[in-house]
Amino acid sequence: MLNRENSLIWNRREFVTAMATIAAATMARGESLALPSGTQRDVYIVPNFHPASCGWLTTFSKERIYCANSYLSHLDRVRDDPNYEFVLSEINNIIAIMNFQPQRIPELKQRVAEKRVELVNAFFLESGVNLSGGEALVRLGVMGQRWYRKMFGLTPRFAWNIDTCGIHDQMPQIASGLGLEAMIYTRRNPTGRSLYWSVAPDGSKILTLCPGSYTDAGSIFSTKTPLTGAQLHELETFFEKKDGITPAGAPVMVLGGSQDYSLAPTVKEYPSKFLQQWREAEPGRKVRFTTLSKYVDVIRPEIDAGRISIPVFHGGTAYDFDAFWIENQTVKSWYRRDEQALQAAEALATIASLTAKHVYPAQALNDAWVLMCLNMDRNTIWGSAGGMVFVSEQSWDVQDRMMWVKKTTGDAFESAGASLVKEGSNVGLFNPLNWRRNDPVALRLPQGKSLEGVACEALEDGSVLCQVDMPSVSVGGWRLSDKAPAAAVPAEVAETIETKYYVVKMDAATGDVASLKLKATGRELLAGAANRILAERPRKKPDDAGDHMPPIPEQERLATSAEGPSSIQVMKGAVATTIVVSGKFYGGGTLRRSIRLYHDHPRIDFETELNDIPNYTVVFAQFPLAEDIPEVRRGIPYGFSHGAWSAPNPERHGWTKGIVPAVRWTDYSLTGGGGIALFDRGLSGRELDERTAAIYLINAEDKYWGYENAWLSGRGRHLMPYALLPHQEGWEQAAIPQAAWEYNREPVVIAGRAKMEPKSYLTTSGNVVVEAMRREGDHIEVRLAECFGVAGEAEVRLLLPHNGVTFTDLAGRKISSGGKSSRYSFPVRPQQIVTLHFETSTSVAEPEPVTKWDAFVPEQKHPALDTYDASLIGHPPFGE
C-alpha cells in the first residue's frame, strides 16, 4: 500500500494533462467519467451536521435549538455561496426549524428542489441500530419515509447511519427492504474499501459506503482564515490516502465537517474561495461540495456496468464504543418493554376492531411509534448522555416519552380487551405470540385471587406466578378462584436441587451455582462457579467510561461475590423452587441473588440485586461452560448473528469477539451437542472469554462527560433479571428465539372480564416469529421473519375477516398478490423478513404527521420546549 501511495504521489502531476484529455474525449462520446486506476480522482465533499438530536450534553429543549440554528448556518451558506451544498438528516431537526424559524421552510424546500440540499436519511432520525427490536427499527424507516412524502413530496434514498458503532447482519435486508439504494456508515469497516456490497443472511444486498469519519476535511470547515499553501498540501496528502481505500475507477467521497455539530465553514468566502485556492495549488484534482445522491449517481451506473469492481461482504461488522452495550439498563429495559407492549397493543386493537365494536386507535398508536423513534436516538438508547436527557424538571425528557407510550398501550389494552371479552368478575388474557405457550409467567391478578385449575404461586411483588396454556395470538377469559395463591415456603437447604429437567448443585459458602447437570443424561454443563458476580474496571482509564470499555481480558479485578460470606435460603412453591443468596459486595452494599428453578419448565430465571456500586465500576455475571463452544448465535433486530468461536469457520459470518450487543438472547452451542441460551430483558451486553459467557449488569458511572446521570450511576438499588435455558437438543428444537420472546413478553391481563374459551386469531408454522399485526388503511399488516436461518416453507392462517393478500416490501410496496385462502403458504429464505397485507372491507383513518411536540409534553414543560435562543449553535458544552 505504501509503495502504491508513493507511486501515486510521485506521478500524480504527470497525469494532469492525460486526465484532461481523457475527460474531454469521454464527455464527447457521452461515456462514463469514472477514471482508470492510477489517475488523480475527483473528490466529492458531502458537508453534514452531526448532532445527538434528542439530547446529549443538554436537554431535549435546548438540543433542538442547537440543531435548528446549526442547520440554518448551512442553509445560509447555500444561499450565499453557489458552490455549497449539504445533507440534512433528521426529521425532528426539521420540526425544530418549523417551530422556531417557519419562514425558512419555503427556502429549505426550494434548495431541496434545486438539489443543493438533500434530505438524505429515510429513517426518522439517526438511531442506534443494535439495541431495539426489529419491528421498531423497521418502523423508524417506514415512518420516516411517510413523513417526508407527506411534508416534502419526496422519499429519501439512503440509510444514513454515520454514527453507528457497528452494523448488524440484518441491516442490508432492512435497508434494501425499505426500498433504499444505499447504506452509509463510518466505523469498523471490515473490507478496507469505501464501497462494497453488504449481504444479509437471506441473500439480499445493498450498496454500502464507508468513507471514513463523518468529520473529514475538517480544516476547510474549522479554519478562521483561508488555508495556506502548506495546509492545502496536507489536504492533498489526506485525499491521496483516501485514494487507497476507494475502488479503482471511482471518485473519492469524504463526509465534510470539523467535529460533531459541525457548522458551515467559518471562513465566509468558503467554499468558493477555497475552490479557487485549490485549483491554483492542486490543479490535478477536482474538488466539489455536493450531496450524497450526486456521488451515488456517478458511481452506481459504473458499478452496475462492471467498470467499478467492489468487494462483497457477508455478516455484521465489529463493534465500537463498547460501553454503549453494557450500561443504563433502566433505559434499555424500559425501551424493550415499551416497544413490545406497543406491538402487542396494535395486535389486540386489530383483533378488536375487526371482530367487535372497537375503533382502531390509529392516531394514538402512530404517535406512540413517533415517540419510540425519538427514544431510539443514539445517545438515548445507548444510555450515554447527561442525566437531564433522561429526567428533567423543566424539559421534555426520555422518561416522559416512555410514560406516554406506556399509557397509550395500557389504554389500548383496556379498551380493546373490554370489547372482546364480556364484563365479569374474572380475568381476560391475551397472548400476542404466534405459538401455543405454557411458560412460567408473572401475572397481575386481583388481590387474593388465583386462576382456577392452574397452579399459582404468590410472589413478593404482588404478582402471581403460574403456567397458563394459551393458543397462538389468542384472547380468552379465565375463571378466578377465591383461593389466594400461596407464597413459597422455606425448605431445607440441600446440596442439590432436582427438577424435571436438571440437577443443580449450589456452593453453600459462596452462593455460586457449582454444577448444572441435565437430568436425562447426567451431562455436566458448567466448568466452574456460575452466576458469580464480578466487579472490574479498565486497566487504562478511558476518556469517559460511559463511552469506551475494553473487553474482560483488559480489565482489572476489583471484587467477586465469592469473597465474602453469603447466606442461602431455599423456598419451595407450587410452581418453582427459589434460591435466595444474600451477602455484601464491592462498595459495601447488599448483593442479593435470586435463582428460580421451575418444576415443569427448563428455563432458569435469575435476578441479581446490586446496591450502591461505586463510581467507575463494571459488574457482570459469569457462566463458565464445560465444553468448547464451536458456534455462537446472538439475537439482533429481526434475526440473529451466527459466528464461529472455538475454531474458525468462514461460513459463519457473525461477529463474536469482545463486548457485543444482543437483543433478547444469545445461544452457545457445545461440542457435545445442544447448548445453553442466555436471555435478557434489556441487559444487552454479552462477552465470551474462552469458554466463559458473561452478561453485563451495570457500568456504574456517576457522571457522563461531567454531567450527573442517576440512570447511569451505581448509586441506589438495581434489579437485573436474566435467564438461562440449557438444552440437550439443537437450538432449533429448543426453539430459542421463541423462548426468548416468552421471557420478554408475558400475556396481557384484561381485568374484570367473564369466563370465555380462548380463541386464536393467527397461527403460523413454527419457523417464523410474527413481530407485527396492525391495521393501516384498507388492510391488516402482518410482518414476520424466518427465525432459524434455514430456507423452507412458511404458513400463515389469519382468522380475521379479510379478502385477498398482497406481499409487499417493508415500506408497503407491492411485490405479488393472491386470492383469499384459509391458509397461506410461501417459501422463505434464511432469516427473510416477510410483510403481508390482508385486504379488509373497511378502512382506518390515515394518521396525521407530527409537526410539533406540544401535545405530548407536560404543561409545566412547555416554556422550555417553546423558548427560542438564537445564541445556541454548534457544539453544546461539556460538563466539568
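For the range 272-297, taking the residues that are under 42 Å from the mean Cα position of the chain (by Cα) and either outside the structural domain of A250 (by TED's automatic domain parsing) or in a loop (DSSP other than H, G, I, E, B) (or both), the one that is nearest to L209 (Cα to Cα) is identified as T291.
The residues of the range 698-719 that are among the aliphatic types (A, V, I, L, M) and surrounded by fewer than 24 Cβ atoms within 10 Å (Cβ to Cβ), listed by number, are A710, L719.
Restricted to the range 601-650, and to residues there that are of a type in the set (D, E, K, R) and over 25 Å from the mean Cα position of the chain (by Cα), the residue that is nearest to F788 (Cα to Cα) is R603.
I need the full set of residues from the range 641-659 which are closer than 29 Å to T560 by Cβ and buried (at least 18 other Cβ atoms within 10 Å of the Cβ), in order please. Outline the logic, then answer.
First, the residues of the range 641-659 that are closer than 29 Å to T560 by Cβ: 643, 645-646, 655-659.
Matches in the range 641-659: G643, W645, W655, T656, G658, I659.
Which one is nearest to A527 (Cα to Cα) among residues in the range 485-509 that are surrounded by 14 or more Cβ atoms within 10 Å (Cβ to Cβ) and among the hydroxyl-bearing types (S, T, Y)? That would be Y502.
Conditions (1) touching a Gly at 6+ places or on another chain (Cβ under 6 Å); (2) at pLDDT below 95, marked per residue:
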residue	(1), (2)
V782	no, no
E786	no, no
G789	no, no
E793	no, no
R797	no, no
P801	no, no
A811	yes, no
G819	yes, yes
Y824	no, no
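Just one of the listed residues (L872, L798) is in contact (Cβ under 8 Å) with a residue 40 or more places away in the chain and in contact with a Lys or Arg (Cβ under 8 Å, 6 or more places away or on another chain), namely L872.
Residue-wise test of (1) surrounded by 24 or more Cβ atoms within 10 Å (Cβ to Cβ); (2) free of Cβ contacts under 8 Å to residues at least 40 places away in the same chain; (3) in contact with an Asp or Glu (Cβ under 9 Å, 6 or more places away or on another chain); (4) polar (S, T, N, Q).
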| residue | (1), (2), (3), (4) |
| --- | --- |
| A52 | yes, no, yes, no |
| P82 | no, no, no, no |
| E90 | yes, yes, yes, no |
| I95 | no, no, no, no |
| Q103 | no, yes, no, yes |
| V112 | no, no, yes, no |
| K115 | no, no, yes, no |
| V120 | no, no, no, no |
| G128 | yes, no, yes, no |
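If you go through the range 722-746 and keep only what is in contact with a helix residue (DSSP H, G or I) (Cβ under 9 Å, 6 or more places away or on another chain) and closer than 21 Å to L445 by Cα, you end up with N744, R745.
Testing K572 on (1) at pLDDT 95 or above; (2) over 17 Å from P490 (Cα atoms), one condition comes back false. Which one is that? So K572 meets the others, but not (2).
Looking only at the range 761-794, count how many residues are surrounded by fewer than 16 Cβ atoms within 10 Å (Cβ to Cβ) and either under 25 Å from the mean Cα position of the chain (by Cα) or within 27 Å of E732 (Cβ to Cβ) (or both).
Initial filter on the range 761-794 (surrounded by fewer than 16 Cβ atoms within 10 Å (Cβ to Cβ)): 766, 777-778, 790-793.
Cutting the leftovers down to either under 25 Å from the mean Cα position of the chain (by Cα) or within 27 Å of E732 (Cβ to Cβ) (or both) gives us 766, 790-793.
Number satisfying all stated conditions: 5.
Out of (1) crowded, with 24+ Cβ neighbours inside 10 Å; (2) polar (S, T, N, Q); (3) under 20 Å from G812 (Cα atoms), the odd one out for T155 is which? All conditions are met except number (1).
Summed over the range 254-304, residues that are surrounded by fewer than 16 Cβ atoms within 10 Å (Cβ to Cβ) and touching a Pro at 6+ places or on another chain (Cβ under 8 Å) total 2.
As a summary of the residue check, M549 satisfies the conditions (1) closer than 19 Å to T692 by Cα; (2) surrounded by fewer than 19 Cβ atoms within 10 Å (Cβ to Cβ); (3) touching a helix residue (DSSP H, G or I) at 6+ places or on another chain (Cβ under 7 Å) except for the one numbered (2).
Here the condition is being out of contact with any helix residue (DSSP H, G or I) (no Cβ under 6 Å at 6 or more places or on another chain) and more than 23 Å from A734 (Cβ to Cβ); of S515, S481, it holds for S481 alone.
Given the structure, is P190 modelled with pLDDT of 95 or more, surrounded by fewer than 24 Cβ atoms within 10 Å (Cβ to Cβ) and in contact with a Ser or Thr (Cβ under 8 Å, 6 or more places away or on another chain)?
Details: modelled with pLDDT of 95 or more: yes; surrounded by fewer than 24 Cβ atoms within 10 Å (Cβ to Cβ): yes; in contact with a Ser or Thr (Cβ under 8 Å, 6 or more places away or on another chain): yes.
Judged against the criteria, P190 is a match.
H779 meets each of the listed conditions (1) without any contact (Cβ under 8 Å) to a residue 40 or more places away in the chain; (2) touching a His at 6+ places or on another chain (Cβ under 6 Å) apart from (1). Residues in the range 87-114 that are within 19 Å of I65 (Cα to Cα) and outside any helix (DSSP H, G or I): V87, L88, S89, E90, Q101.
The values are calculated or read from the model by the stated rules, or taken from the named source; none is laboratory data. Please read these numbers as outputs of a predicted model, since none were measured by experiment. Neighbour counts are summed over all protein chains in view; Cβ atoms, including those assigned to glycine, are modelled from backbone coordinates with ideal geometry.
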